[in-house]
Each structure stands twice: as structure tokens, then as C-alpha cells.
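Report on the structure given below.
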Amino acid sequence: MKICVTAVAGSLDAQVDPRFGRCAYFVIVDPDTMSFKAIPNTNIDALSGAGIQSAQMVVNEGVDVVITGQVGPNAYQVLSSAGVKIITGAFGTVREVVEAYKSGRLRETPFPPGFGMGRGMGMGMGRGRGMGRRMGIGGFGSTFSPQILSQPTSPAQLTREQEILMLEEQLKFLQEQLKQVKKRLEELRSE
């Protein structure tokens, strides 16, 4: 079995990178031996299609499971079509999330991001190319799905430190969304 974890650096002690398509590294781990291979993500600066290209790179490595913070709907489709299990909302180090997966504390994300329960009308992360219609589980178009280190996951079961980390990651994600919304508004107003 091969587990791919998105990471900010190429080691088992690196933090999980919350982005899939534009993560710094894909760390591919054999959960039985904890041997690993770190692959720099060549799609990090892609103008478009980073998620799809990254997903194809991971599929070509023959991974069985992807553990990340969040994954877009196009990358999700590529991965799931290839039979790769996808776990989102992870944080901590690569080693910690692999151990959590091995012990059954992480759960597969059962549906594509942007579709599911909830009524949030989000702006999407389309870099200003569209308004998006993300019907998210997390509220206002969020694809943040905290499938963290417990089963089942709920904020009441997280430690204080885990909840702080989760909320900090969610804040970063929302700040990036707000930045993109403001940029798109400026573009529209200047046309």
C-alpha cells in the first residue's frame, strides 16, 4: 500500500500542506515500513489545472490513499476515478497522519468537495474566472471538511490544540477566498 500525504517539505516530520494541487511536496509513504519518497510538486506554480495535473502525478505513482487538507472537485474526480481513497481536513505531521490512518482514526471523504449537505453559495477559487456554485458541507461555499484525528469527528472530540490548528487552517482558507473575491470585484468594477 502507498499513502500520499501533501506536505510543506519532503520528510515524515513535515507539516501537512492543506492544499492538494499546489502543495510543496507529495510524500509517498509505505505505512508498514514508514519508508518514504518525497516528490516536489512541479505544478505548484501552474497557471491553471494544478489540481488535475497533481492528481495525475499521484495516480501515476500508484498510490492507494491521498491525505491532504482539501482537494478541489476536478482533482477529486481524477483521484476517485483511479480508485484512490481521499481523506481531507488532515493536519499535523506526515508521520502523525499516516499513524492516524493506520489506526483507523482518519476517514475517507465520501463525496466530492463542493457537493453535499449544506446550502452555502460560495465564490469558488476560480482565480477570478467565474462566480462558482459550490454547494458545500461547511457553510458559505467551504470545502473544508474536518476529517481529522478522531472517529467520528466533531469539535467536541478534538483537543484544544487540534481545534486551534483546525481553526487557524480554516481562517487561512477563508482569508484566501476573501482575497480572491475582492480581486474579482475590482476586476468587474474596472471593466
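The values are calculated or read from the model by the stated rules, or taken from the named source; none is laboratory data. Nothing here was measured: the structure is a model prediction, and the numbers come from that model. Cβ placement follows ideal geometry from the backbone for every residue including glycine, while neighbour counts extend to all protein chains displayed.
Details
- Test for Ala90: is it more than 26 Å from Leu171 (Cβ to Cβ), in contact (Cβ under 8 Å) with a residue 12 or more places away in the chain, in contact with a Gly (Cβ under 8 Å, 6 or more places away or on another chain) and not in a helix (DSSP H, G or I): no
- Looking only at the range 54-79, residues that are more than 15 Å from the chain's Cα centre (by Cα) and free of Cβ contacts under 8 Å to residues at least 60 places away in the same chain come to 5 in all.
- Looking only at the range 58-83, residues that are in a helix (DSSP H, G or I) and of a type in the set (Gly, Ala, Ser) come to 3 in all.
- Selection status of Leu106, touching a strand residue (DSSP E or B) at 6+ places or on another chain (Cβ under 6 Å) and part of a helix (DSSP H, G or I): no
- Candidates in the range 35-57 are the residues that are of a type in the set (Gly, Ala, Ser) and assigned to a loop (DSSP other than H, G, I, E, B); of these, the one that is nearest to Ala82 (Cα to Cα) is Gly49.
- Residues in the range 4-34 that are among the β-branched types (Val, Ile, Thr) and either modelled with pLDDT under 95 or not in a strand (DSSP E or B) (or both): Val8, Val16, Thr33.
- The residues in the range 30-54 that are surrounded by 12 or more Cβ atoms within 10 Å (Cβ to Cβ) and out of contact with any strand residue (DSSP E or B) (no Cβ under 8 Å at 6 or more places or on another chain) can be counted, and the count is 9.
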